[in-house]
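Each remark here refers to the structure printed beneath this line.
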Amino acid sequence: MNKTMLLMCLGLPWIPSLFADIAILGKKRMVQEADLIALVQIQKLVTTDKTKLVADLLATAQVSRLFKGDAKGETTFRIPRFFPCAAFDVSTGKHLVFLKRDEKDGHVGFNWYMSYVYLGGEVVKWYDEDGRVVEGATAEKVIAEVEAALKESPNKPDRPDG
């Protein structure tokens, strides 16, 4: 057996777990599992560790509309980017965020870059009918689909208005 084949065989057992760690949840599961879903204006992003090339970010945002959970006014949440080959950037601006409570009773994104859906452009990266992430939705469509998914969700929304 040549060296390339040997290296491939030795590397194959860990490859499935590598991809499992960066899997993107579908929109229904993301809506169900989120503790907080809100329309926010991200105003500030600060790196949590300036010594790392790809470090987590701490976002400061103004909540403009709450779909699920509890948040008012200004809120902060962590954007984990700890897996370098799956690194992504988040910008300031209008976002629909899907967050879970973390161990310190703060909020953190839990579905990679799809935890922070940027709504400031003409087209939005969202899910197609088959659950694949694609570009081409509008902000209005994304919000309507989230509201519909919340109505269908076994975990009913935690909203002050019903």
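A short reminder: the numbers here are calculations on the coordinates, not readings from a lab. On a predicted model such as this, the values are computed, not experimentally measured, just so you know. Cβ coordinates were reconstructed from backbone atoms using ideal geometry, including for glycine residues, and neighbour counts include every protein chain displayed.
Would you please put 40-46, 30-36 in order of how densely packed they are, using the mean number of other Cβ atoms within 10 angstrom per residue and starting with the highest? Don't skip to the answer; put the middle values down first.
On the way: 40-46: 16.3, 30-36: 20.0.
Going from most to least packed, we get 30-36, 40-46.
Please tell me which of these pairs span more than 18 angstrom C-alpha to C-alpha: LYS44/LYS104; LYS28/LYS100; LYS94/LYS141; LYS72/LYS94; LYS94/LYS151? Could you put the intermediate results ahead of the total?
On the way: LYS44/LYS104 21 Å; LYS28/LYS100 15 Å; LYS94/LYS141 15 Å; LYS72/LYS94 16 Å; LYS94/LYS151 23 Å.
Pairs exceeding 18 Å: LYS44/LYS104; LYS94/LYS151.
Within segment 52-101, which chymotrypsin sites (Phe, Trp or Tyr not before Pro) sit in a loop by DSSP and count at most 14 neighbouring Cβ atoms inside 10 Å? Don't skip to the answer; put the middle values down first.
On the way: sites: PHE67, PHE77, PHE82, PHE88, PHE98; in loops: PHE82, PHE88.
In loop regions of segment 52-101 (DSSP not H, G, I, E or B), the sparsely surrounded chymotrypsin sites (Phe, Trp or Tyr not before Pro) are PHE82, PHE88.
Check each of the GluC sites (Glu not before Pro) in segment 50-146 and keep only those in coil by DSSP with at most 13 other C-beta atoms within 10 angstrom; list them in order. Spell out each step's value before the answer.
Details: sites: GLU74, GLU103, GLU122, GLU129, GLU135, GLU140, GLU145; in loops: GLU103, GLU122, GLU129.
For GluC sites (Glu not before Pro) across segment 50-146 that sit outside H, G, I, E and B with at most 13 neighbouring Cβ atoms in 10 Å, the list reads GLU103, GLU122, GLU129.
Give me the percent relative contact order of segment 25-152, please, defined on Cα pairs under 8 angstrom at least 6 residues apart. Kindly include the intermediate steps, with their values, before the conclusion.
Numbers: 256 pairs, mean separation 30.0, N = 128.
Result for segment 25-152 is 23 percent.
Starting from the Cα of ASP70, step 7 Å along the direction of its Cβ; do the same at LYS125; then give the gap between the two resulting points in nm.
3.2 nm
Relative to the present Cα-Cα distance, how much length would full extension add between GLN32 and LYS44 at 0.36 nm per residue of separation?
Working: separation 12, 0.36 × 12 = 4.32 nm, distance 2.75 nm.
Value of the extension gain: 1.6 nm.
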